[in-house]
Each structure stands twice: as structure tokens, then as C-alpha cells.
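Visitor: This is the structure, below, for whatever I ask next.
The values are calculated or read from the model by the stated rules, or taken from the named source; none is laboratory data. Please read all numbers here as calculations on a predicted model, not as lab measurements. Don't worry about glycine lacking a Cβ; one is built from the backbone with ideal geometry, like all the others, and counts go over all protein chains shown.
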Amino acid sequence: MSEFDVVVVGGGTSGCVLAGRLSENPDRRVLLLEAGPVFATPGDFPEELLRVSSLSAVLPGNPYNWPLPAYLTPDLPWTIPRGRVLGGSGAMNGANYVRATRADFDDWVALGNASWSYEACLPYYVRAEHDLDFRGDLHGGDGPLPVQRVKGEALSPLSAAFLDACLAAGFPEEKNKNGDETPGAGLMPGNFADGIRVNTAISHLLPHLDRPNLTVRGGAVVTRVVLDRGRAVGVAVGDELIRAGEVVLSAGSVKSPHLLMLSGLGPADALRAAGIAVVADLPGVGRDFSDHPDVYVGFTASGDVPFDPDTLTAQVALNLDSGSDPAGDLELLLFVIPLGAMMTDTGSGRTSLRKGAADVLRRPRRTFSALRGVSLRRLATQMIRQGDLNLMVALQHPESRGRLRLISADPGTPPELHFDYLAPAGDRARLRTGVRAAVELLRTRPLADHVASITAPDTRTLADDAALDHWLRLNLNSNFHLSGSARMGPDGDSGAVVDQTLAVRGVTGLRVVDTSVLPVVPRRGTNATAVMLAERAAMFY
């Protein structure tokens, strides 16, 4: 008999939701394995993970992230941070909580995933959340995860001016970014409360640690899925074999496909080249993933910019059409403090914050008070030096596709990520459109009243396509929303890794539940969709 009914590998955004939901059945023995540290209460999390305005945990060398080698373009090496802590990347991101659009679901259905329509998935967004601003059929009021927008007097004057400038420029107002509205300018939803970034460990898992059928282990680095005659029977953690009736990989869109390959499930040629025996030839593992490339338009403020460190740093977003995608293939997101400041302690006291963290779980119905495009190499130094504010321009529906390159059969050697950003001419053209739109907004009142100067790109670069393309390549970043590295698809799709129940093809007893399975990266951030995936996957049991 198996030691556990289900073992979930990875205590990140999806994994914490799934383990919490699966353990609601007292007869189901659930084990959650997390490679990083595990905290028993919200107040045990360190300040850098709790404070919603801090992004310091994404920096290289921080113990709470995996620094993964990548190339954004063939000649631009990068480091991609992924969470290595209970709560995963959701414990260190910008806490923007925005859903995929209806157009994203339509695209997924068109690719053969009929059961993943907007209507089929909406109830699982609703189930997860306690939305403090909206009610009705589109929003949940009883879920464990608080969702709110920075508004009223709490809204930064800079954010308010950005929103007004977008409307003055003729863009529509999108009053509810999670409300299936026409893309436009509006307040960004966030999963935070009383200055705390409420990751899904805090919302979905920690309140249930007293369940006798739920076990959570930290410091458990899984090295492979153990397969026996085509069936997953457990996982290996070092020399230890942990048996289970079913294995779920929720290790994230890099680690999950990596574990598949280490287990003999992936492109046969790549596995053989690394000396790994092929169990199932799945050419789609690690292939054709998509993500959001971005750049930053820099500017200096004409005066002091008040900021409350207990709120989101990116409070207003403009989603717009570049001219080729009415669903909104560009996103402009204004940061109200310099990126360098986000990577330092912006808080005012560890003790009060930790006390507030404990209150989050005790008072879920009270009125509560990204990692979005942080460059680990360039902006972490330039923006600290210059103190620039930034208007981020991200391409939300790229043509470019990336690949995950297996380097070694050694589990300790991470794969190499090749994003191939900006390779399609259309992607470059659309990003140029976004950058020029951002500059025009910075020159539009009332936002222009807050802008002393636009520091990058300069006027000459803006006027010339070739020069602007060169600037894009030099200033390129990633939103870290990698999706599709083990994507779902119909039986006739040779690149599909999982079916519509997220079961891995070619074996039994194995699922993938994280953004790896999304056919194409959504036109919005992936945080809320990672939660939805796990909420829905729990219903497959």
C-alpha cells in the first residue's frame, strides 16, 4: 500500500492550493514536498517575503529563489528567479492578481482544449477569492485569498494622474480588470492585506496544517518521478523513495518540465544525449513556451512622490491593442517608486508586520488595507543609481516561443532557458508601438505635470525604428510569466504533454498542475490563473 494517496511536488502558488484542497477529504493522505524552507505561521515568513512592496527576494543570492540561467535573446544572458520557499514565486512577486482574458480561453479552446473555456474556468477563479471591492457572479466573497485594489486616498497621486492621462488620451476605462470588460485603463487587483503579500501558503495551506491527513515537508528536493512499468509510483528525494498512489508536479514552469525529463519523459533525442533512458517520447516537454517580454521607459518626477509601503507598487495598468489584437496585446504598468527601492527594505517595522500577518488568517472578512518585470542585472544597478521611476511596457501576446535545454542528467544542474524574445518582426513592431504610447502618456496631462524629464529612450531613438529596435534589445527584460513548457492539448497534438485533466501522456498516475500546462501565456499576469488551475485540478480527484 502507498504511503500517501497523493504527493504534490512543489509548494508554490499552485501546489499550496492543490494540497490544501485535496486534504479537505479526510480519507485522502496528502504530502506536499517543498525544496525550500517551510513556515508554520504567516508571521514566520521573513520581512522581505511578507511586505507587499518589497521585491528584494528576487535578487541573485537570495536564499528564497532559484537563480536559473537564461538567454532572453541569443546574445543576452540573464538570470530568472523562481521561488524556493513555501508560497513559491507568489511569495516574492508584485502581488498583482489579474485573471486571463476571455480571448485567452477562446485561444486555448481553438487549440483543442474545449473543456478549458472561460465559462468552465470562471467558477474556480471565484472559488479562490474574497474580493473586497466587487460582488456578483464574477467574484467570490467566501474564498480564502483576499483581493483588492488600491483606491481613494490610498492611491498614489502618480497612479491617479496616470489613470487620468490614459482616459484623456482616449483609452477606455476598464473599471474591473477581473470583470470581462473591454481592455483599457484601470486599477490593478492585488492579493494583499494590511501590507502583507498573501501568498497561497498563507491563504490555502497554513490554516489546515492541523489536518492529520496533510503532511508538509520542507528542504525536500525531488530529483525524479519514480516510474514502474509506465506508472508513477512515487518520487525520489535524494536516496529516499516516497511512495504515492498519484504524483502531481507543481514545481513551476521550469522545474516541472525539468523533472519530467529527469524521469525519462520528454524529447527522446534530448534525453538520450544526456544519458537518460527514455520512458515516453514527449517532444513538447520544454518546447515552445511563451512569456511576456518587457522594457522600461524611465522618467524623473517633478516633485516628491508619496508612497505607502503597505500597498502595491504598480497600482494602475493600461491594457491596449497594438493594432493587431483587439483583446489587448500590450500592457503599460506604472511603478510609483524606483525599482531599486523595491529591492530594499521599504517597511517600517518587522514586529508590526508579522503581527499583522497573523491577523490575516484570524480575520478573513475584515476590510484589508508582480514579480512584475524586475531586471536582475541592469535595472537593479541603473535604477538604484539614477532613481528613475518607470513605466513598464510589456508584450502580452507574443509570437516568440522559447525552449528549455537539458544540460545534464544531474538533477543539481538546472536547464538552460532560451526565450528567443524579439525574433519575430511583429513582436518588435508591437513593442515599438507600446514604447511610443508610453512616452506620449508621460507627455499627457495630468501625468505630464508629475514628470520632470523622460530619461530613456531619448527623442532621436524614438523617431527611428532601427534605433528603437536596438534600444529594445539593450533594455529587454522578462515578466517571468513563463507558460506552456508542458502544455495541454488534444490527442492529435504531437506537442501536447498533458491532456485536459492535466494527466501526463504516455504514463499513468502523473499530473502537472502549474502554468507549464497553459497552451499560451495569458494576456495578463499568471498569478491568478495559477491559482485557478489548482482549484480546478482539485476537482479531478
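Visitor: So, in the stretch 472-499, of the ones that are surrounded by fewer than 19 Cβ atoms within 10 Å (Cβ to Cβ) and not aliphatic (A, V, I, L, M), which residue ends up nearest to GLY94 (Cα to Cα)?
Guide: So, considering only residues that are surrounded by fewer than 19 Cβ atoms within 10 Å (Cβ to Cβ) and not aliphatic (A, V, I, L, M), the one nearest to GLY94 (Cα to Cα) is ARG473.
Visitor: Of everything in the stretch 242-266, what is more than 25 Å from GLY90 (Cβ to Cβ) and either touching a Phe, Trp or Tyr at 6+ places or on another chain (Cβ under 6 Å) or surrounded by fewer than 20 Cβ atoms within 10 Å (Cβ to Cβ) (or both)? Give them in sequence order. Even if it seems obvious, please write down each step before you answer.
Guide: Let us first name the residues in the stretch 242-266 that are more than 25 Å from GLY90 (Cβ to Cβ), namely 243, 245, 263-266.
Once the filter is applied, which keeps residues that are more than 25 Å from GLY90 (Cβ to Cβ) and either touching a Phe, Trp or Tyr at 6+ places or on another chain (Cβ under 6 Å) or surrounded by fewer than 20 Cβ atoms within 10 Å (Cβ to Cβ) (or both), the stretch 242-266 yields ARG243, GLY245.
Visitor: Within the stretch 131-217, considering only strands (runs of 3 or more DSSP E) that don't extend past its boundaries, which have at least 2 residues that are within 21 Å of the chain's Cα centre (by Cα), at pLDDT 95 or above and within 26 Å of GLY87 (Cα to Cα)? Please lay out each step first, then the result.
Guide: Details: elements: 145-149, 185-187, 214-217.
So the answer is 145-149.
Visitor: Here's a follow-up. Give the number of residues within the stretch 1-52 that are closer than 15 Å to PHE540 by Cβ, among the polar types (S, T, N, Q) and assigned to a helix (DSSP H, G or I).
Guide: The qualifying residues number 1.
Visitor: Identify the single condition in (1) of a type in the set (Val, Ile, Thr); (2) surrounded by 15 or more Cβ atoms within 10 Å (Cβ to Cβ); (3) at pLDDT 95 or above that THR455 does not satisfy, given that it satisfies every other one.
Guide: So THR455 meets the others, but not (3).
Visitor: Would you be able to say whether some residue in the stretch 142-150 is farther than 30 Å from SER56 by Cβ, touching a strand residue (DSSP E or B) at 6+ places or on another chain (Cβ under 6 Å) and among the basic types (Lys, Arg)? Give the steps one after another, and end with the answer.
Guide: Step one: list which residues in the stretch 142-150 are farther than 30 Å from SER56 by Cβ, which gives 142.
Of the ones still in play, those that are also touching a strand residue (DSSP E or B) at 6+ places or on another chain (Cβ under 6 Å) are none.
Checked the stretch 142-150: no residue is farther than 30 Å from SER56 by Cβ, touching a strand residue (DSSP E or B) at 6+ places or on another chain (Cβ under 6 Å) and among the basic types (Lys, Arg).
Visitor: Moving on to the next point. Which residues, counting only those in the stretch 116-130, are more than 21 Å from the chain's Cα centre (by Cα) and among the hydroxyl-bearing types (Ser, Thr, Tyr)?
Guide: Within the stretch 116-130, no residue meets the criteria.
Visitor: Let me ask another. Return only the number of the condition from (1) closer than 22 Å to ASN191 by Cα; (2) at pLDDT 95 or above; (3) of a type outside the set (Phe, Trp, Tyr) that PRO26 does not satisfy.
Guide: Answer for PRO26: the failing condition is (1).
Visitor: Looking at VAL517, VAL531 in this structure, which one is within 30 Å of ARG102 (Cβ to Cβ) and touching a His at 6+ places or on another chain (Cβ under 9 Å)?
Guide: VAL531
Visitor: Answer yes or no: is there a residue in the stretch 8-19 that is of a type outside the set (Asp, Glu), in contact with a Leu (Cβ under 6 Å, 6 or more places away or on another chain), closer than 23 Å to PRO257 by Cβ and surrounded by fewer than 20 Cβ atoms within 10 Å (Cβ to Cβ).
Guide: Looking through the stretch 8-19, none of the residues is of a type outside the set (Asp, Glu), in contact with a Leu (Cβ under 6 Å, 6 or more places away or on another chain), closer than 23 Å to PRO257 by Cβ and surrounded by fewer than 20 Cβ atoms within 10 Å (Cβ to Cβ).
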